[in-house]
Amino acid sequence: MTVPFLQVENLTKDFGGLRAVEDVSFTIDRNEVVGLIGPNGAGKTTLIRLLMNILKPTAGKVTLKGEDITGQKTAKIVNKGMASTFQVVKPFRHLPVAANVMVACLSPKTKRKGEWVKTVELRALDALEFCGIADLALEPASVLSHGDLKRLELARAIATEPELLLLDEPFGGLSPAETTLVAGSLRRLHKGGRFGRLHSEGPAMLIVEHKLSELMKIVDRVIVINFGKVIAIDVPGNVVKNKDVIEAYIGKGGK
Amino acid sequence: MWFRKSVLVIPGRVIALLFGITLLLFPLITADEAILRIVTFAAIFSLYAVSWDTLSGYTGQLSLGHALFFGVAAYASALLDLHFELSVWLTIPIGSCVGALIGLIVGLPALRLRGIYLGLVTLAFPIILSGIIFYFSDFTGGEAGLYGLSRLAEDKVTAYYIVIAIVMCSIFIMFKFTDAKSRILRTGLLLRAIREDEMTARASGIDTIKYKLLAFAISGFFAGIAGGLYAHYIRVAGPSTLELIFSIQVVLWAIFGGMGTIYGPVAGVFILYPLTEIIRFYPHGEEVRFILLSLILILSLLFMPEGITVWVRDKIEQECTRCKVINAATRRTCRACRAPMYLTKKENANQGKE
């Protein structure tokens, strides 16, 4: 039996008396794009934060490539090949856009020999170009619009050269045109070959999103959670017909 | 030539260069020992202020008890000097290593606290240490401190040059350590990233704990060098080096000069410290000087909130809006990309018509 790329087993998180994430288990394959949807307050963001160990899980286990990463430092998890973006953008506001991304390129696995600083700069610019904000590279991050900040966030995440990318609402607050653009770059990123790891596949992705119409075009599978519990894991076509999912989103049809 | 291209075209760097040369030639200008003494102290305190700036200005770890590192190193050098009769060239480095070690210890609470709460915790450390010093007064000299330390050098001018050389080298190292555009190190960028947003830094794969502790250790080390130099220069290591006012003073100097710049704290010390010392010579100076100092600080914070050096820098330098290269404010076109830096009145008027 092959080891699943990312395996989440019985992940649980309590905030005091509130059980925000309850007994969540799923797997993600190396070349899969998975959507994570659910109504507001379902625990999607909490789940991402648990995976990155920004929040400590109450119980459960996360394994990446067969290695237990539960409770390891966030920075260490990032260096193992799992990166995430935040729902609320948190750039380094007083640093130039290029420097924002450069920080992500400075992980310990970067070789520090010869002209390495130059290489790091080029990689940062590459990531910015990929997300379409290379023209803003020298501006401080504080002057960027919300859409550009979202893209900066994405550039920062892919600059760490992840094998698994956790995206928390990448389209949140974007205009329809921007959404199409970002969705396009996500698809290209997943195909791989273009960015960073030149001779490898693109990263696997777990995308939290509310704009379902855009999301369904990208993903291979969808995980639906409600009140912290997984209620459906299926391909997009079946999920939209699933009774439990419809109930969670719209409520029971009253008689 | 790189010197002409990267130093002489930027007014700020020219001023820094001239200032450095003036310091080196200072004993030729005046032989007055009192003035030389003030400048020596200013140099030592500027190193102390820069070490505070590395920690609080760049890394954002507010330290309100920075005198701890200064005092610990002063006492460590003094004890080594008196009990083991080591030479000055050993006591100061060992003293500063003790400072760095203490920095690591103080850095541990910094991993959980931030902002003003961290400031309050660091504030407590020098008070604890002075308690210890008064308790073991047989060993530490208590109120009077440890006196009779060996001199840096026999005459004042040599001592002055020793201090200036060490201070300049140390400040240069810290400048490189915190320089975000450095070609060798990237610590400057990482420290700034930690100051801006620690969570994002961690999510970018940066081990923030390591870099925060590194900043504490480096800051402690260089504050320690300042402490060791100070103790050997005045030949006393007393509890005054751990006083609260001494911790606060460094914050005032750095904020007056400009936080988050290396030259800011240096300028702050070299302006404020001699000023307070000179006022002392005038009648009623002792009483007036703190009122005057507070007035200067309030006014400077009102009109130059980012510090005096940043205020002056913005007057004499200008960043090209296109390529972000620094230019002298007098230039009309950018020296790198030839883009116009500003429009004349005539051009401005024409632009509206087109």
Percent relative contact order of chain A, based on C-alpha pairs within less than 8 angstrom and at least six residues apart? 25 percent
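Quick one: if the Förster radius is 41 Å, what FRET efficiency do B:Arg331 and A:Leu122 give, using the C-beta to C-beta distance and rounding to 0.05?
Given R0 = 41 Å and the Cβ-Cβ separation, E is 0.85.
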Determine the distance separating the Cα centre of region B:154-218 from the Cα centre of region B:10-35; give it in Å without decimals. 24 Å
Largest-first ordering by accessible area, 1.4 Å probe, given options B:Asp155, A:Asp168: B:Asp155, A:Asp168
Cross-link list A:Lys13/A:Lys211; A:Lys150/B:Lys176; A:Lys65/B:Lys210; B:Lys181/B:Lys212; A:Lys90/A:Lys243: which exceed 30 angstrom alpha carbon to alpha carbon? A:Lys150/B:Lys176; A:Lys90/A:Lys243
Short version: ³J(HN,Hα) in whole Hz for each residue of region B:74-87, in order, from phi by Karplus 6.51 cos²θ - 1.76 cosθ + 1.60 (θ = phi - 60°), x for Gly and Pro, what are they? 4, 5, 4, 4, 5, 5, 4, 5, 7, 8, 10, 6, 6, 6
At B:Phe172 and B:Asp138, where each label point lies 7 Å from the Cα along Cα→Cβ, what is the point-to-point distance in nanometres? 4.7 nm
Could you compute the net charge surrounding B:Thr122? Neighbours are other residues with a C-beta less than 14 Å from the C-beta of B:Thr122; K and R count +1, D and E count -1. +3
At R0 = 51 Å, FRET efficiency that the Cβ-Cβ distance of B:Thr158 and B:Ala124 yields, to 0.05: 0.85
Report the Rg/Rh value for chain B, based on alpha-carbon coordinates and the Kirkwood definition of Rh. 1.01
Which semi-axis lengths, in whole Å and largest first, follow from the square roots of five times the eigenvalues of the Cα gyration tensor of region A:200-255? 25, 12, 10
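Between B:Cys97 and A:Lys243, take the C-beta separation as r, use R0 = 60 Å, and let me know the FRET efficiency to the nearest 0.05.
Values: r = 69 Å, r/R0 = 1.15.
Given R0 = 60 Å and the Cβ-Cβ separation, E is 0.30.
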Listed by chain and number, the residues whose amide H is under 5 Å from that of A:Val21, excluding neighbours fewer than 5 places away on the same chain and using placed H, are A:Lys13
Run the simple label-point estimate for A:His94 and A:Glu139 please: 7 Å along Cα→C-beta, distance reported in nm. 2.0 nm
Which of the chymotrypsin sites (Phe, Trp or Tyr not before Pro) found in region B:111-197 are loop residues per DSSP with 11 or fewer other Cβ atoms within 10 Å of their Cβ? B:Phe136
Under the 0.36 nm per residue contour assumption, what length would be gained going from the current alpha-carbon distance of B:Phe3 and B:Leu292 to full extension? 100.0 nm
Within a Gaussian network of chain B (alpha carbon springs, distance under 10 Å), most fluctuating of B:Pro305, B:Pro265, B:Pro283: B:Pro283
Cut-off under 17 Å on the C-alpha distance; same-chain residues fewer than 8 positions from B:Lys345 excluded. Which lysines are left, in chain and number order? B:Lys353
Can you send over the solvent-accessible area of A:Val3, 1.4 Å probe, protein chains only, in Å² to the nearest 10? 100 Å²
Kirkwood Rh over alpha-carbon pairs of region B:224-354, then Stokes-Einstein at 20 °C and 1.002 mPa s: what D in µm² s⁻¹, rounded to an integer? 118 µm²/s
Whole-Hz ³J(HN,Hα) from phi, Karplus 6.51 cos²θ - 1.76 cosθ + 1.60, for region A:209-222, glycine and proline x: 7, 9, 7, 5, 4, 6, 4, 4, 6, 8, 8, 8, 9, 10
Normalised contact order of chain B, rounded percent, pairs of Cα under 8 Å and 6 or more residues apart: 27 percent
Principal axis extents for the protein assembly as shown, Cα atoms only, whole Å, descending order, please. 95, 73, 51
Kirkwood hydrodynamic radius (C-alpha pairs) into Stokes-Einstein, region B:47-126, 4 °C and 1.567 mPa s, D in µm²/s: 99 µm²/s
Which of the trypsin sites (Lys or Arg not before Pro) found in region B:229-294 are loop residues per DSSP with 14 or fewer other Cβ atoms within 10 Å of their Cβ? B:Arg280
Anyone know which of B:Thr187, B:Thr321, B:Thr54 comes out most mobile in the 10 Å Cα GNM of chain B? B:Thr321
Quarter of Cα convex hull surface for region B:52-210, i.e. mean projection, nm²: 11.1 nm²
Chain A - Rg and Dmax from Cα coordinates, angstrom: 18.3, 73
Given points 7 Å out from each Cα along the Cα-Cβ axis, report the B:Tyr282 to B:Ile316 separation in nanometres with one decimal. 2.6 nm
Please list, in order along region B:327-340, the HN-Hα scalar couplings obtained from phi with the Karplus expression 6.51 cos²θ - 1.76 cosθ + 1.60 (θ = phi - 60°), rounded to whole Hz, x for Gly and Pro. 10, 5, 5, 7, 5, 9, 10, 5, 6, 9, 10, 6, 6, x
What is the extension gain from B:Ser87 to B:Ile21, computed as 0.36 nm multiplied by their sequence separation minus the C-alpha to C-alpha distance, in nm to one decimal? 20.8 nm
Set of aspartates and glutamates with alpha-carbon distance to B:Lys315 below 17 Å, sequence-local pairs under 8 removed: B:Glu306
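The values are calculated or read from the model by the stated rules, or taken from the named source; none is laboratory data. Computed from a predicted model, the values in this text were never measured in an experiment. Cβ sites come from the backbone with ideal geometry, for glycine too, and all protein chains shown count toward neighbours. The protein model used for the area step is the full one, side chains on, heavy atoms only, and it has no ligands, DNA or RNA in it. Shrake-Rupley method; radii C 1.70, N 1.55, O 1.52, S 1.80 Å.
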